[in-house]
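Report on the following structure.
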Amino acid sequence: MVSAIQEQRDIILDTIKSITRGDWKVLVIDEFTKKIIDNVVKEDDILNENIANIERIEDKREMNPDMDAIYLLSPQPHIVDCLLADFERRRYRKSFLVWTALLDPQMRRRLDVSRQVQEQMAGFETLSIDYFPRESHLITFRDPWSFPILYHPACNSLVRDHMQILAQKITGICVSLGEYPKVRYYRPRNPNHEASVLCSHLAKFVQDELDAYAKFNQNFPPPSSRPQGILVVTDRAMDIMAPLIHEFTYQAMAHDLLPIKEGDKVFYKTVVNEGTAQEEEKDMEIGEKDKIWVNNRHSHMKDTIEKLMGDFQKFINENPNFTNADADATSLNAIKDMLAGLPQFQEMKEAYSLHLSMAQECMNIFQHRKLPDIASVEQSLATGLDEDFRKPKNLADQVVRLLDDENIGPADRLRLIMLYIIYRDGMIQDDIQRLLAHAALPPQDAEAIANLDLIGAHTTKANLKEVRPPTQPLFPRKTVPTAQNEEYALSRFEPALKLMLDDITKGTLDQMTFPSIRPPLDNSEELAAQSQASLRSAKPTWARNRMSTVENRQRIIVFMAGGATYSESRACYEVSRTTGKDVFLATSHMVNPALYVRQVSDLSEDRRRLDLPVDRPKPKAPSHLFVRNDPPPAALPAGPSRLGPMGLPGGPGRQGQLRGPGPPAPPQKSPSYSNANANLYDRPPPQPPTAGLAAMSMNSGSGRPIPLNGTNGADVTPSKGKLEKKSKYKEDSGEKKKRGFFSSKK
């Protein structure tokens, strides 16, 4: 299968290779770009492409006027300041500018009017790499602040610009994958929250960005025999329950129960060489390089443990000296020498030890915290069916009994109460307080429950007499038991994203709930697209000697606004495996249950306490870049003679074309950065620079904001909501009949 990690890696290395062309150059990066590069490329791989040195633009650096430089930079104002300081001092001979995303028109003009820039710039290119592939089919933006910006009532003024940035990043993913997809989005059936229009607006922004990129890049999308891809824009409101449920597949369970460190990389602290003189605590990285992790992360924990123990036993049998306690000292010394000379075996031994330790700790917590009992009730609440696929009975009594169990901690109690209230489609306030008091939870936990309204839940009812029509599930649940072992009865719940993907691959996804920005001409078009190759396959048959099955797989990209769960990531891999398609999940950040509850709780916090990047002081260029201790050297001649008339190498880069310094790109709408991550796409100018080009807007001649209505006759008219603030929420749902622990009916 295609890998988002490999795609981004190839873009970076191919771009560097197309510029160096065998000549040695310096690579200059910034802090943010370094994170992008380190995520997918080894430093040695870059140095092997005729890069003499890698330098940080914010750092103090030696003058190097005899060598050309490649600047690979993020388009931030303070980075442009750093760049102009370098040009002012003529730090390098000639410079090739490569941006991770489109430079804001105002910042671009600063470069265009600089005489030093025009004299020293040898090329200009924009890539589409302002994102972080975490796995082969999982991409994040490392932006947990996206959740409060989209859902916090005090952040309404930030939503439009943030959506524009999200749209640019999503478009970057599509461009990197070579996809110009059909765009669909989630439209809630009976919305009751301000952010209910989030997906429709965001999908429209993405469509506009894709259209603009295609307009200015005639080679996009590249020729392909794949059917046209599909992009579905959805958000956390589509499945409020998924982040609260205990999952028992390895990856999801580990991120829920274990103290895994999340950062630029993922680490788990464990003891290695236990019981030996070399025993030590060590932070072990968990990622794509860890084959044991990759092969087992989506398996049920029962299967994972069996596989780990079987594989480890096989490893011991094949290498008996590693565990032969009866061996004499000579043999033990020989083993130590062997381990020192064969580090790959030590790494393998540590890897098995890591995952056996993680799996065992998960199972210890599973038993100690009564997770089987909790999960049994959770599954009934989430699916609306018991283990026999019938309507569950006495759920209130089961919930109260679990809240009485001292082995069940506060976090699990709160999750259970939240799930129960969502299942009930709201309760009167007195009953919610009664539940919290019975669970011995602090009063502030009521905020987390109430804030679920902001992402589409019904949590309260005005009184006992309020009657709501029963809420229909987004996707019909299976009502016939499937053949399954008893061990998997606690994993009956399937996230809505999985059911959505099932319908997409069958061509039966509801057009009312998941409309297209540009609806198909007729009902058969969607089904036809599933079986026919795209008209994009204009490349003649002789143009490529081989065409693998992988290249023919249709690509589906799902963007989950507000954060995605590991169960949703697993669903994408499962659908990819069973349908012969490539399904990619993109999101602002990954959420585990603890983070989700905390972020929902924070939706009632004062905005000043959220520490949003947009509210922090803007970064500035370091002052040392502007200290001049020596006069700038005279301008040196341009680079090698084989460069073209505009100082270009003799061919285009992978995603864009290197350009000379003269013609400015047509400016387009680009909002201010909230976390230094805007992502639009530079366009090669079709004409020489003119005053008219300088004033162009990509959206309209007047540079007006992007309209929110549909395009090309599409019937896409988002209702007023988060972007045009609603005053109150409406409540609309049903209630039960009997009374028991609560005043309200059940």
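The values are calculated or read from the model by the stated rules, or taken from the named source; none is laboratory data. Keep in mind the model is a prediction, meaning the values are calculated, not measured. Cβ atoms come from the backbone with ideal geometry, glycine included; neighbour counts cover every protein chain shown.
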Can you find a residue in region 114-135 that is free of Cβ contacts under 8 Å to residues at least 24 places away in the same chain and either surrounded by fewer than 21 Cβ atoms within 10 Å (Cβ to Cβ) or in the same structural domain as residue 611 (by TED's automatic domain parsing) (or both)?
yes
Quick test for you: out of 198, 210, pick the one residue that is in the same structural domain as residue 587 (by TED's automatic domain parsing) and either without any contact (Cβ under 8 Å) to a residue 60 or more places away in the chain or out of contact with any Gly (no Cβ under 9 Å at 6 or more places or on another chain) (or both).
210
Where a residue in region 250-265 is in contact (Cβ under 8 Å) with a residue 24 or more places away in the chain and buried (at least 16 other Cβ atoms within 10 Å of the Cβ) and its partner, wherever it lies, is part of a loop (DSSP other than H, G, I, E, B) and among the charged types (D, E, K, R), with Cβ under 6 Å and at least six apart
250/297; 251/297; 253/247
Every residue from region 476-505 that is modelled with pLDDT under 85 and part of a loop (DSSP other than H, G, I, E, B)
476, 477, 478, 479, 480, 481, 482, 483, 484, 485
Only residues that are of a type in the set (Lys, Arg), touching a helix residue (DSSP H, G or I) at 6+ places or on another chain (Cβ under 8 Å) and either assigned to a strand (DSSP E or B) or under 21 Å from residue 83 (Cβ atoms) (or both): list them for region 1-38, please.
25
Matching residues, region 170-202, being under 30 Å from residue 12 (Cβ atoms) and in contact with a Ser or Thr (Cβ under 9 Å, 6 or more places away or on another chain):
171, 172, 173, 174, 175, 176, 178, 179, 182, 183
Residue 270 - would you say it is touching a His at 6+ places or on another chain (Cβ under 9 Å) and either of a type outside the set (Asp, Glu) or under 23 Å from residue 133 (Cβ atoms) (or both)?
no
Among (1) more than 15 Å from the chain's Cα centre (by Cα); (2) surrounded by fewer than 24 Cβ atoms within 10 Å (Cβ to Cβ) - the single one residue 149 does not satisfy
(2)
Only residues that are touching a Ser or Thr at 6+ places or on another chain (Cβ under 6 Å) and assigned to a helix (DSSP H, G or I): list them for region 396-428, please.
421
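Yes or no: residue 509 outside any helix (DSSP H, G or I), farther than 15 Å from residue 232 by Cα, out of contact with any Ser or Thr (no Cβ under 7 Å at 6 or more places or on another chain) and at pLDDT 55 or above? Before the answer, list the steps.
Details: outside any helix (DSSP H, G or I): yes; farther than 15 Å from residue 232 by Cα: no; out of contact with any Ser or Thr (no Cβ under 7 Å at 6 or more places or on another chain): yes; at pLDDT 55 or above: yes.
Criteria not met by residue 509.
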Tally time: how many residues in region 149-165 are more than 13 Å from residue 198 (Cα to Cα) and of a type in the set (Val, Ile, Thr)?
1
Does residue 556 fit the bill of being at pLDDT 75 or above, crowded, with 19+ Cβ neighbours inside 10 Å, farther than 23 Å from residue 194 by Cα and within 28 Å of the chain's Cα centre (by Cα)?
yes
Select, from 397, 388, 453, 412, the only residue that is crowded, with 20+ Cβ neighbours inside 10 Å and acidic (Asp, Glu).
412
Check whether at least one residue in region 54-76 is part of a helix (DSSP H, G or I), in contact (Cβ under 8 Å) with a residue 40 or more places away in the chain and more than 22 Å from residue 133 (Cα to Cα), and report yes or no.
no
Region 108-187: strands (runs of 3 or more DSSP E) wholly inside it with 1 or more residues that are among the basic types (Lys, Arg) are 132-135, 182-185
